[in-house]
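Scroll down for the structure; my scribbles are underneath it.
The values are calculated or read from the model by the stated rules, or taken from the named source; none is laboratory data. Owing to the predicted nature of the structure, the values given are computational and were not obtained by experimental measurement. Cβ placement follows ideal geometry from the backbone for every residue including glycine, while neighbour counts extend to all protein chains displayed. Quick note on the areas: whole protein, heavy atoms, side chains included, nothing else; ligands and nucleic acids left out. Shrake-Rupley method; radii C 1.70, N 1.55, O 1.52, S 1.80 Å.
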Amino acid sequence: MISFTHYHPTRVIFRRGALKELGKLSEGLGKRALVVTGRSFAVKHGYVELIRRQLEEVGVHAVYFSNVEPNPTLSTAMRCAEAAEKASADFFVAFGGGSVLDAAKAANVVYTLGGSVEDYLYPKTVDRELHPLVAIPTTHGTGSEVTRYSVLVDEKTNMKVTVSGEALYPKIAVLDPEVLANLPREQSAATGLDALSHALEAYFSKRANPFSDMFALEASKLVARYLLCAVEGVLECREQMLYASLLAGYAINFTGTNIGHGLGYPLTTKYGLPHGLANAMILPGAAVFYEAYLPERARSYLEHLHLPGLLGGLRAFLTELKRQVGAPLTLRELGVKREELEHIVSEGLRYQRNLQNSPFDFREEHARRILELVY
Ligand code: ZN
């Protein structure tokens, strides 16, 4: 049985040098833009200036909010909304990794609709039209440029929370592979593994459908082929990874994420592990269960990646890829103590919004066993 709903309003421009078309692409969006960036990358590599010039050429005045930290908090999104208010922004330009894109998306909700970010958190959805947002990813992992999600940290509970809904889709996504030339090696590895976890979790999801499978399988194949050379800095490979992360973003719009994200979040909020590495920590353990519950699907996944009959299956594929890109392989290696595993289990189980998308009935024993497997 085939059943899905597809609505995707984002105009996607994918080509080298696309950032230099930002002015032209922004025509008609308004006269004042709030440009949202992280703290250093955009300044250090001259993108702040490039974006300002591009916008000025079409008569748009740019105001900057350059204070988004990795794993941004609700307060950061609120400060960004205040900056938009002060600037009387007609539209947003978000230039950065997933953190920047997600902070700008949530800020846009508050700036347009009022209130605070807490008023719009999952399970609520935001469907009313917002100000236009131009999303320009500078990493190859998030997929946020085409997703209807914004993931933030609630500093009161130290939990990852989400704002989601059709209104969250950016108006325009500008994917310029040349921007990735400046991506540090570690971020290439971490964000690439995030893209893989989106694709893998979309494929092994209760909510998967043939349409999302198409995106998830293709994204996975590209990551398997190009992540290593992308980490080594080859631009052609980073371009393929940017495409893979875009496809994986499309996939999770249908399926959400599940075990890698749910159990991975505590590794970020408690241990400060970058998001992509945190998911990738969990995935080899989750893979054992994906494979046990869905053996046929696991087989066709590996076949699609041209790894049929791989000894050790899905888990071996993930472990080997992680080893190649220098990602940590065990929690022990990260300094996590065995007696802390129970705490990670209970923290992870709080993410039912993710875990309920698992392709099997996810229970506490699964979480415990997965953490043992990756310890
Ligand atoms: Zn992710």
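Okay, residues lined up against (1) open to solvent by 20 Å² or more (accessible area, probe 1.4 Å); (2) not charged (D, E, K, R):
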| site | (1), (2) |
| --- | --- |
| Arg79 | yes, no |
| Lys86 | yes, no |
| Phe91 | no, yes |
| Gly97 | no, yes |
| Leu101 | no, yes |
| Asn108 | no, yes |
| Leu121 | yes, yes |
| Ala135 | no, yes |
| Gly141 | no, yes |
- Does Phe14 satisfy the condition of being in contact (Cβ under 8 Å) with a residue 40 or more places away in the chain, closer than 30 Å to Asn209 by Cβ and surrounded by 14 or more Cβ atoms within 10 Å (Cβ to Cβ)? yes
- Item | Total residues in segment 17-50, condition more than 25 Å from Ser88 (Cβ to Cβ), in contact with a strand residue (DSSP E or B) (Cβ under 7 Å, 6 or more places away or on another chain) and without any contact (Cβ under 8 Å) to a residue 60 or more places away in the chain | 0
- Message: Can you report the number of residues in segment 164-191 which are within 15 Å of the ligand (Cβ to nearest atom) and either in contact with a His (Cβ under 6 Å, 6 or more places away or on another chain) or basic (Lys, Arg) (or both)?
- Response: 1
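Residue-by-condition table, conditions (1) under 21 Å from Glu166 (Cβ atoms); (2) among the acidic types (Asp, Glu):
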site: Leu25; (1), (2): no, no
site: Glu49; (1), (2): no, yes
site: Glu56; (1), (2): no, yes
site: Met78; (1), (2): no, no
site: Gly97; (1), (2): no, no
site: Asp102; (1), (2): yes, yes
site: Ala106; (1), (2): yes, no
- Item | Total residues in segment 171-189, condition part of a helix (DSSP H, G or I) and open to solvent by 10 Å² or more (accessible area, probe 1.4 Å) | 6
- Query: Of (1) more than 15 Å from the ligand (Cβ to nearest atom); (2) closer than 28 Å to Tyr169 by Cβ; (3) not small (Gly, Ala, Ser), Asn253 satisfies all except one. Which?
  - Reply: (1)
- Message: All but one of (1) without any contact (Cβ under 8 Å) to a residue 60 or more places away in the chain; (2) part of a helix (DSSP H, G or I); (3) more than 21 Å from the chain's Cα centre (by Cα); (4) surrounded by 15 or more Cβ atoms within 10 Å (Cβ to Cβ) hold for Tyr290; state the number of the condition that does not hold.
- Response: (1)
- Quick one: is Arg128 among the basic types (Lys, Arg) and more than 23 Å from Leu246 (Cα to Cα)? yes
- Message: Whether any residue in segment 123-132 is touching a residue at least 24 places away in the same chain (Cβ under 8 Å), within 13 Å of the ligand (Cβ to nearest atom) and either more than 12 Å from the chain's Cα centre (by Cα) or open to solvent by less than 10 Å² (accessible area, probe 1.4 Å) (or both) is what I want to check.
- Response: no
- Message: Residues to consider are Ala219, Ala280, Ala251, Ala244; find the one that is under 20 Å from Val151 (Cβ atoms) and either without any contact (Cβ under 8 Å) to a residue 40 or more places away in the chain or open to solvent by 10 Å² or more (accessible area, probe 1.4 Å) (or both).
- Response: Ala219
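What is the residue count in segment 32-65 for residues that are part of a strand (DSSP E or B), open to solvent by less than 40 Å² (accessible area, probe 1.4 Å) and either of a type in the set (Ser, Thr, Tyr) or more than 23 Å from Ala181 (Cα to Cα) (or both)?
So the answer is 5.
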- Item | Filter pass, Asn279 being touching a Ser or Thr at 6+ places or on another chain (Cβ under 7 Å) and over 23 Å from Ala224 (Cα atoms) | no
- Item | Arg148 being among the basic types (Lys, Arg) and either crowded, with 24+ Cβ neighbours inside 10 Å or over 30 Å from Pro177 (Cα atoms) (or both) | yes
- Pairs where the first residue, in segment 346-358, is under 14 Å from Pro123 (Cβ atoms) and the second is of a type in the set (Asp, Glu) and open to solvent by 10 Å² or more (accessible area, probe 1.4 Å), C-beta under 7 Å, 6+ apart: none
- Only listed residue being open to solvent by 50 Å² or more (accessible area, probe 1.4 Å) and in contact with a helix residue (DSSP H, G or I) (Cβ under 9 Å, 6 or more places away or on another chain), chosen from Arg323, Arg350: Arg350
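The rows are residues; the columns are (1) within 13 Å of the ligand (Cβ to nearest atom); (2) buried (at least 22 other Cβ atoms within 10 Å of the Cβ); (3) at pLDDT 95 or above; (4) part of a loop (DSSP other than H, G, I, E, B).
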site: Asp213; (1), (2), (3), (4): no, no, yes, no
site: Ala224; (1), (2), (3), (4): no, no, yes, no
site: Leu227; (1), (2), (3), (4): no, yes, yes, no
site: Glu236; (1), (2), (3), (4): no, no, yes, no
site: Tyr265; (1), (2), (3), (4): yes, yes, yes, no
